[in-house]
Amino acid sequence: MPKSLLSILGGMWHRVSSTFAVAMLSLTGCSLIYNPSNLPTPASDALEPDVMPDMMIIPVDADPALLEITDVSPREILEGQGIDGSRRAVVVITGANIVSGATVQITAHAGETGTPLLTVHNEDVVVSTDGVTVAVPITVDVDPLIGPGVLDRIRLDVAVTQPTTGEPITKTLVERETADDPILTLRGLREQLGGGTLTIDLTQPRHQFSKIDATAIAFTGNANIPVIESVSSITIANLVSVNANGQTAGIGGGDGGAGGPGGLVNGSPGSAGTGDGRGLPSGGGGSFGSQGSAGPGSPGSVSGDASLPTLESPNRGSGGAGGDGVALGAAGGAGGGGGGTISITAGGDLTFSAISANGGTAAGSSNKGGGGSGGAVLLRAGTSISVSGAGVTAKGGTSPGTGAGGNGRVRFDAGVKATTVASDPPVGHRGAMIDSGTALIVRDQTPELTFNGQPGSSFSYTVEDVGGTETPRGPVMLTFPNNGTVANHGLAVDLFRGVSILCVRVDKATGTADAGKNCVAITFIP
């Protein structure tokens, strides 16, 4: 069959086939953890049987001179992807007659004021065997000249160049339908560089950065718990505190109970703390990860789960009970507030000195209040978590009586197995995490992957379509062995063609709870 006819058939197939939706998952909805894995070298360009249930392939020869490109995914890449241990972005281009030797160029659109600080890794480009897809990793450096309130985004053009029997050919895409519909954008984010104090406004529920290098973190407002995320790395030199202060809880915790007033005849009972600690006559301690002490009033009950599948109630610090008022005497002492809640996620490396979510100290000289419980701390890193100081504490608050608060809960997730957060107390629970060695682009639709987590704990994984139009595949349930690593596990469900989102969830996590899952993007190119 003449090559020109083959090329026409290839172009016809491209026009009648449906292009697949491919978009990198943004940090909304789950923790998207990045890592800097090098791409594997494809073992073969031959297509394995049944490797493509998502899209039919017609085996026609590609004519490089008839190169066509029609779409680009994702629609957006983020400042900071690919640096400081974070996972590089992958741009997937669809078209026809794409051949081995193709390279990708990404440049600022005409008239844009910013210059994109990005590197296209053409040494790691992968072309599909049917010639309709090319994928390439991208590193996006941190740029203080872009970000909210400065230059929110830079419009980008995407080109593919490939060799032919004559001169190389280049095709470029600049927009989809109109000038307001760019083919690709670089979104700028806030960054904190060179130390200093990073101020987090808790009237906002989530805080996303390209990179954080801070001396300290300060909070304003208390409408939401601190949820701090960086596309790349996070370094915090000094203590970060969400401790309770006396009867007042830390951010997200429950306040301590009030002491009962004294009386001329009989004292009145103290108020229960949020952990249901009781007076009678001195308050019991608040409980969370462990039970508080009797005061002799009873303490609250242990609540929540060690894996912190959510940071909502009951996974919050509890206040201690207030003491009863003293007959013919003084009022009872107030209970201590529960420790606060904080979530910190780095796409790459996370380094900090100390984080504390301790319960509040109770008051009272006669009938004393009970101490508040410790709070909740969730730390996540795509690669390693390093501790330069005291580490994490979530201790129960003390009481001048016997009703001390119980400890809080700590979970830490890291792509590198040897990580510890040196928390005391509690020691902490290691959440399920995809190993940092996971490849960006694979040829195998069911590649072998490694997961790290808490020995003996259960977890699940799903494969999700980035466009959200396909039903997720899974869940598949697994249990970590005694060494905390499920190594070289062949996926029990297929990746989608193009970009899939692989998510692992700790035991008891629901499908939508951000705190309970970690996700990475994996690109399957057959």
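Under a point spin-label approximation (7 Å from Cα along Cα-to-Cβ), what is the Leu239-Arg206 distance to one decimal in nm?
Label at Leu239, label at Arg206, 3.1 nm between them.
Give me the net charge for the shell around Gln208: Cβ to Cβ below 9 angstrom, other residues only, Lys and Arg +1, Asp and Glu -1.
After counting each charged neighbour, the total is +1.
Report, to the nearest whole %, how much of the accessible area of the stretch 383-526 belongs to carbon and sulfur atoms, 1.4 Å probe, protein only.
49
Over the stretch 298-345, with the other protein chains present, what is the accessible area per residue in square angstrom, probe 1.4 angstrom? Write down the numbers at each step before the final one.
Details: 1270 Å² over 48 residues.
Result: 26 Å² per residue.
Before I look further, what does the stretch 430-526 give for accessible area per residue, probe 1.4 Å, in whole square angstrom?
That works out to 34 Å² for each residue.
Just to be sure I understand the model, the point goes 7 Å from the Cα along the line to the Cβ. What's the resulting Arg176 to Val150 distance in nm?
2.8
Mark the label point 7 Å from the Cα of Ala330 along Cα→Cβ and return the residues of the stretch 377-408 whose backbone N is within less than 13 Å of it.
Hits in the stretch 377-408 for Ala330 at 13 Å: 400-401.
Around Gly375, under 10 Å between beta carbons, what's the net of Lys plus Arg minus Asp minus Glu among the other residues?
Within the 10 Å Cβ shell, the charges total +3.
Take each of the peptides 500-506, 406-412, 470-476, average the number of other beta-carbon atoms within 10 Å over its residues, and list them starting from the highest.
Answer by packing, highest mean first, reads 406-412, 500-506, 470-476.
Computing the accessible area with a 1.4 Å probe over protein heavy atoms, can you report the carbon and sulfur percentage for the stretch 151-232?
47
Looking at this model, which pairs from Lys417/Lys508; Lys171/Lys517; Lys368/Lys517; Lys368/Lys508 are more than 30 angstrom apart at the alpha-carbon?
Violating the 30 Å Cα-Cα cut-off are Lys171/Lys517; Lys368/Lys517; Lys368/Lys508.
Compute the signed sum of charges (Lys and Arg +1, Asp and Glu -1) over the other residues within less than 13 Å, Cβ to Cβ, of Gly114.
Net charge around Gly114: -2.
Work out, step by step, the length gained on full extension between Ala159 and Thr107: first 0.36 nm times the residue separation, then minus their alpha carbon distance; give nm to one decimal.
17.9 nm
Would you mind pulling out the separation of the Cα centroids of the stretch 350-387 and the stretch 114-174, in Å?
45
The values are calculated or read from the model by the stated rules, or taken from the named source; none is laboratory data. Since the structure is predicted, the reported quantities are computational estimates derived from the model, not experimental observations. When we count neighbours, we look across all protein chains shown, and the Cβ atoms used for this are built from the backbone with ideal geometry, even at glycine. Ligands, DNA and RNA are stripped out before the accessible areas are found, and what is left, the full protein with its side chains, is counted by its heavy atoms. Shrake-Rupley method; radii C 1.70, N 1.55, O 1.52, S 1.80 Å.
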